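As structure tokens, the structure follows; a few thoughts come after it.
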Amino acid sequence: TSERGFVGLDVDLQLGNENELDFETELTVNARLGGIAHVSEKWSIGGGLFMDRSANPAPDAVGELSVNYYGITVGAEVRTPYKLAESGRPALVMATTIGLRYAFGIGQAGSLRYLPFATGDEAVVEEGAIDVTFHEVSLHVGSGFYF
């Protein structure tokens, strides 16, 4: 951390778990790398890379999902200082952040497959997993006060 900005790395580890409710998770490691550069007293820009891997095991029933996300974020912050007294120093700073996030997700989803003529004249419904791919884009707008 410095007056010009900072870079951060965050890694987390989730241990696998199985309990009496038959809810199971797997060993999972996730990481985030990002930074902020203060380009002026009023403006900052930032960005980062992340992975958000699922701790869920491979799905075998409808409604179950196991998708790993990998993505990037970018954003800007503008700070507006307000003087609350005649001391000459800003006592309150309003910060507004606008950010954009993109994530690519790949994994499996539990599904039903309908086979109308699987055994001659009889239909069959199979439960299992299918491969899925997701693209997520989100916009973040937030404000806060520093004092």
*For the stretch 68-109, how many residues meet the condition of being modelled with pLDDT of 90 or more and of a type in the set (Gly, Ala, Ser)?*
9
*asked:* Being hydrophobic (A, V, I, L, M, F, W, C) and under 19 Å from the mean Cα position of the chain (by Cα) is the filter here; which residues of the stretch 62-88 pass it?
replied: LEU65, VAL67, ILE72, VAL74, ALA76
*asked:* Exactly one condition in (1) outside any strand (DSSP E or B); (2) open to solvent by 70 Å² or more (accessible area, probe 1.4 Å) is false for LEU49; which is it?
replied: (1)
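Restricting the search to the stretch 118-129, which residues are within 30 Å of TYR70 (Cα to Cα) and touching a Pro at 6+ places or on another chain (Cβ under 9 Å)?
As a first pass, look at the stretch 118-129 and keep what is within 30 Å of TYR70 (Cα to Cα): 127-129.
Correct list: GLY128, ALA129.
Condition check ((1) in contact with a Gly (Cβ under 6 Å, 6 or more places away or on another chain); (2) over 30 Å from HIS140 (Cβ atoms); (3) acidic (Asp, Glu)) across all residues:
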| residue | (1), (2), (3) |
| --- | --- |
| VAL62 | yes, yes, no |
| LEU65 | no, no, no |
| GLY71 | no, no, no |
| VAL93 | no, no, no |
| GLY99 | yes, no, no |
| THR119 | no, yes, no |
| GLU126 | no, yes, yes |
*Inspect the stretch 83-98 for any residue being open to solvent by 80 Å² or more (accessible area, probe 1.4 Å), free of Cβ contacts under 8 Å to residues at least 12 places away in the same chain and of a type in the set (Ser, Thr, Tyr) and give the result as yes or no.*
yes
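hydroxyl-bearing (Ser, Thr, Tyr), over 23 Å from ASP12 (Cα atoms) and more than 14 Å from the chain's Cα centre (by Cα) - does that describe any residue in the stretch 44-54? Outline the logic, then answer.
So in the stretch 44-54, the residues hydroxyl-bearing (Ser, Thr, Tyr) come out as 44, 54.
Of the ones still in play, those that are also over 23 Å from ASP12 (Cα atoms) are 44.
Remaining after also requiring more than 14 Å from the chain's Cα centre (by Cα): 44.
Checked the stretch 44-54: at least one residue is hydroxyl-bearing (Ser, Thr, Tyr), over 23 Å from ASP12 (Cα atoms) and more than 14 Å from the chain's Cα centre (by Cα).
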_Just the residues that are out of contact with any Pro (no Cβ under 8 Å at 6 or more places or on another chain) and among the basic types (Lys, Arg), please, taken from the stretch 47-86._
ARG53, ARG79
*Go through the stretch 124-140 and count every residue that is out of contact with any Lys or Arg (no Cβ under 9 Å at 6 or more places or on another chain), open to solvent by 70 Å² or more (accessible area, probe 1.4 Å) and in contact (Cβ under 8 Å) with a residue 60 or more places away in the chain.*
1
_I'd like the residue in the stretch 52-67 that is assigned to a strand (DSSP E or B) and surrounded by 17 or more Cβ atoms within 10 Å (Cβ to Cβ) and, out of all such residues, is modelled with the lowest pLDDT._
SER66
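The values are calculated or read from the model by the stated rules, or taken from the named source; none is laboratory data. Source: prediction; values computed, not measured. Reconstructed Cβ throughout: ideal geometry from the backbone, glycine too, with neighbour counts over all protein chains shown. When the accessible area is computed, the model is the full protein with side chains, heavy atoms only, and any ligands, DNA or RNA have been set aside. Shrake-Rupley method; radii C 1.70, N 1.55, O 1.52, S 1.80 Å.
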